[in-house]
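Taken together, the values in this text are just the output of simple stated rules run on the coordinates, not laboratory data. If you're wondering where the values come from, they're calculated on a predicted model, not measured in any experiment. Because the Cβ atoms are built from the backbone with ideal geometry, glycine has one as well, and the counts that use them run over all protein chains shown.
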Amino acid sequence: MSWHTTHAWLAVLALVAVTVLTRSFFLLSNSEPRLPAWLLQGLRHAPVAALLAMVVPEVFLSNGHLLADWRDARLFAVAAALLYWLARRNDVTGTILVGTATLMLLRLGLGWL
Amino acid sequence: MNLPSVAAWRTARADPAWRAAFAAGRRDIAGAALGTVAMGLVAGVAMAKSGLGLGLVLGVSLLVFASASQLACLPLIAAGAPLWVIAATACVLNLRFVVFSMHWRRYFGGHSRLHRVLFSYLAGDPVYAQFVQRYPVPAPGGRTTRAQQGYFLGLALTNWAAWHVASLAGIFLADAIPAAWGLRFIGVLALLALALPMLTDRAVRCSALAAGAVALATASLPMGLNVVAAIGTAFVAGLWADKRWSVR
């Protein structure tokens with residue numbers, strides 16, 4: 001095996017280890033981790049923040065710059081998904097389908113970016 | 001897997017409540033699985049075109065099971081970056097799962113360590129979001145009820161299968177999938193739809209808004225550190241907002 005291949009496999013093993021260890025971080029110990037109340041209170045806000053932090057830049061940036069043109073399929077897909085969500089609460093599947101349909105229609109139908 | 005868990009699996013599958021919950025989980029993840037399929041295809045195509053050998057690419061695809069860190073770390077691996085840089089990047093991108101793991105502890109902290117690790121490994125973003133929406137309150141003692149267990153596995157195994165089928169398809173059909181489809185954004189739409197039910201009260205909406213703004217403003221940071229900045233912001237803004245609207 002060449003050095004590069006060995007290095008790459010070691011990197012894959014490291015990625016597996018990081019994935020398993022981060023996902024099971026607070027589950028590894030058999031005893032309940034004792035965390036202060038303020039930490040638990042603050043962490044209540046973390047999961048949804050993490051998800052939206054991955055979403056927002058993907059919607060408003062292209063190649064690291066704010067969108068210059070409002071005719072962007074992504075904006076309309078997000079708007080359609082949000083409107084559907086407000087109209088039919090708690091329908092996650094429908095929201096994704098409406099957003100995806102809008103995206104595909106504008107991109108493949110009208111040739112938008 | 002040891003024998004007791006195989007026996008437990010058989011008993012669970014014989015229970016109609018477990019089977020109904022499993023079917024419900026499979027059904028509820030369907031929309032989000034569309035996002036998982038899209039992201040899996042994107043990751044597969046990226047891996048096929050990364051210049052790494054097929055054996056390695058299959059190794060990453062089948063073992064790592066983490067879309068964001070796979071996409072971010074492949075170029076680093078291909079470029080022969082130092083191992084610690086690759087591991088640190090993956091740690092930052094997986095930070096949200098550390099937070100999720102604390103919430104999961106309330107649901108299945110009472111199970112054996114093997115089960116806890118296995119469950120958390122399967123629990124990607126859509127599984128977490130869908131599960132806590134269906135079961136906002138954990139069962140006492142950190143032991144999942146039969147129905148919760150069936151629902152969790154219905155969600156998690158469907159999501160797992162969707163990811164792997166799509167990722168393998170992406171690797172082998174890389175040249176047949178046009179970039180114009182913009183598949184990646186379907187994954188983004190799925191994450192958005194999964195986040196919406198979590199915006200349950202005014203304080204969380206406030207901290208989420210702050211987090212989104214910070215993630216956008218710090219988007220140029222390397223290694224996905226903008227997500228870390230956003231989580232930190234939500235933490236501080238959340239503590240303030242909870243006090244302001246006196247939650248708990």
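Can you sort A:27, B:221 so the residue with the fewest Cβ neighbours within 10 Å comes first?
Ascending Cβ contact count within 10 Å gives the list B:221, A:27.
With axes computed from alpha carbons, what is the tilt in degrees of helix A:73-87 against the longest principal axis of chain A, rounded to the nearest 10 within 0 to 90?
90
Could you give the nm distance between label points at residue B:9 and residue B:202, where each point is 7 Å from its Cα heading toward the beta carbon?
Label at residue B:9, label at residue B:202, 4.9 nm between them.
For residue A:2 and residue A:110, what does the FRET efficiency come to when R0 = 45 Å and r is the distance between their Cβ atoms, rounded to the nearest 0.05?
0.40
Between residue B:49 and residue B:240, with labels modelled 7 Å along Cα→Cβ, what's the label distance in nm to one decimal, could you check?
With each label point 7 Å from Cα toward Cβ, the separation is 4.2 nm.
Using a Gaussian network model on chain B with a 10 Å cutoff between Cα atoms, which of B:237, B:81, B:161 fluctuates the most?
Comparing B:237, B:81, B:161 in a Gaussian network model of chain B, the most mobile one is B:81.
Return the FRET efficiency for the residue pair residue B:220, residue A:38: r is the Cβ-Cβ distance, R0 is 45 Å, and the value is rounded to the nearest 0.05.
Details: r = 31 Å, r/R0 = 0.69.
The formula returns an efficiency of 0.90 here.
Quick one: Karplus J couplings for region B:157-172, per residue in order, coefficients 6.51, -1.76, 1.60, θ = phi - 60°, nearest Hz, x for Gly and Pro?
The phi angles translate into 5, 5, 4, 4, 5, 4, 4, 5, 4, 5, 5, 5, 4, x, 5, 8 Hz.
Test of the criteria: in region A:1-73, which trypsin sites (Lys or Arg not before Pro) are in a DSSP loop and have at most 10 other Cβ atoms within 10 angstrom of their Cβ?
Filter output for region A:1-73: A:34.
Can you work out the PRE-style zone for residue A:62? Point 7 Å along Cα to Cβ, and I want the residues of region B:200-229 with backbone N under 12 Å.
Backbone N within reach: none found.
Suppose every Lys and Arg Cβ carries +1 and every Asp and Glu Cβ carries -1, with no other charges. What dipole size does the protein assembly as shown come out with about its Cα centre, to the nearest 20 debye? Write out the running numbers ahead of the final one.
Values: 28 positive and 11 negative charges, 214 e Å.
About 1020 debye.
Give the average, rounded to an integer, of partner chain Cβ atoms located within 10 angstrom of each Cβ in B:217-226.
Whole-number average of other-chain Cβ neighbours for B:217-226 is 2.
Using a simple spin-label model with points 7 Å from Cα along the Cα→Cβ vector, what separation in nm is obtained for residue B:213 and residue A:88?
Simple spin-label model gives 3.3 nm for this pair.
Between region B:7-43 and region A:24-75, what is the C-alpha centre distance in whole Å?
24
Can you pull out the trypsin sites (Lys or Arg not before Pro) in region B:8-109 whose DSSP state is coil and whose Cβ has at most 15 other Cβ atoms within 10 Å?
Passing both the DSSP loop test and the Cβ count: B:49.
How compact and how long is chain B, expressed as Rg and Dmax of its alpha-carbon atoms in Å?
Cα-based Rg and Dmax for chain B come out at 19.2, 56 Å.
From the Cα gyration tensor of the protein assembly as shown, with a ≥ b ≥ c the square roots of its eigenvalues, which class applies: rounded if a/c is under 1.5, or else prolate if a/b is larger than b/c, or else oblate?
rounded
Among A:59, A:12, A:48, which one shows the highest mean-square fluctuation when chain A is modelled as a Gaussian network with alpha-carbon springs under 10 Å?
Of A:59, A:12, A:48, the Gaussian network model singles out A:12 as fluctuating most.
If you average the sequence gap of Cα pairs under 8 Å that are 6 or more apart and divide by the length of chain B, what percent do you get for the contact order?
Relative contact order here is 33 percent.
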